[in-house]
Amino acid sequence: MAKITFIPKNRTIDVPEGTELMQALRLAGVDMDFPCGGEGTCGKCIVRVVSGQVDSDSLGILSASTVSEGFVLACKTRVLNSAASIEILKQEGRKGGQFSKETDDSYLVRHELLPKDWQFDPLALKWVVNVPAAEPEDGLSDLDRLTQAIQKDWEKKEVVYSLPVMRQIAEMVRRQNGQVTVSLIRAPAACHVIKLEAGDC
């Protein structure tokens, strides 16, 4: 028999070796939800092994780093023939006995699958620029002034335009007092303008 203590409830129960923690919880009168019926797919029965040894098969849904910190799924964990202390975590999604819509299942995602910081920097984006009005004898075309407005925010990278975009420039820089939304695809050495829209779009 194995002596299992559930904290912070401080309830202790003796169960045979091989008993699932899910069943031990029920026998000890500890209330916990198992929305997937103990299939190990929802991750709502996560507990932490504070002391002792258990036999767990939780890696299918929990990351290796989470399991290494002692977290396991009660429905996928069996007790061994030794004493163990199991911490019952506050279940996310429960509020006053009711289910709330605010849940955080991020602990279920393997950390190596999460995006890196640089991946949040999009390759294509929309950017609003303000193209100054033409000045007498400044010698700058609409294309020059749009390019300078883009380079003001995106350094001195080369700005490349397709022919259909170039045909729109004169109209777009005049429609909303020079405010233009530019759709850019950024390459290491250049910004490729693929679309122009008048105003802040």
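The values are calculated or read from the model by the stated rules, or taken from the named source; none is laboratory data. Predicted, not measured: the structure shown is a model, and the values here were computed from it. Here the Cβ is made from the backbone with ideal geometry for all residues, glycine too, and neighbour counts use every protein chain on show. The area values use the complete protein model at the heavy-atom level, side chains included, leaving out ligands, DNA and RNA. Shrake-Rupley method; radii C 1.70, N 1.55, O 1.52, S 1.80 Å.
Listing for the model above:
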| read-out | value |
| --- | --- |
| Residues with amide H under 5 Å from that of C191, placed H, sequence gap 5 or more | E158, V159, V160 |
| Heavy atoms of V54: accessible area, 1.4 Å probe, square angstrom to 10 | 30 Å² |
| D14 accessible area, 1.4 Å probe, all protein chains in place, Å² to nearest 10 | 80 Å² |
| Placed amide H near G178: partners under 5 Å, 5+ positions off or other chain | none |
| Size of region 146-201 as Cα extents on the principal axes (Å, biggest first) | 31, 22, 17 |
| Order of exposure, largest accessible area first, which applies to L73, L89, L163 with probe 1.4 Å | L163, L89, L73 |
| T41, T66, reordered so the largest accessible area comes first (probe 1.4 Å) | T41, T66 |
| Amide H contacts under 5 Å for S51, placed H, 5+ residues apart | S85 |
| Sequence of K9, K44 from largest to smallest accessible area, 1.4 Å probe | K9, K44 |
| Region 129-143 - phi-based ³J(HN,Hα) in whole Hz, Karplus 6.51/-1.76/1.60, Gly and Pro as x | 10, 10, 8, x, 5, 5, 9, x, 6, 7, x, 9, 7, 4, 4 |
| In Hz, Karplus ³J(HN,Hα) per residue of region 167-183 (6.51, -1.76, 1.60; θ = phi - 60°; x = Gly, Pro) | 5, 8, 4, 4, 5, 5, 6, 9, 5, 10, 6, x, 7, 9, 9, 9, 8 |
| A133 versus W154: modelled label distance in nm, points set 7 Å from Cα along the beta carbon direction | 2.7 nm |
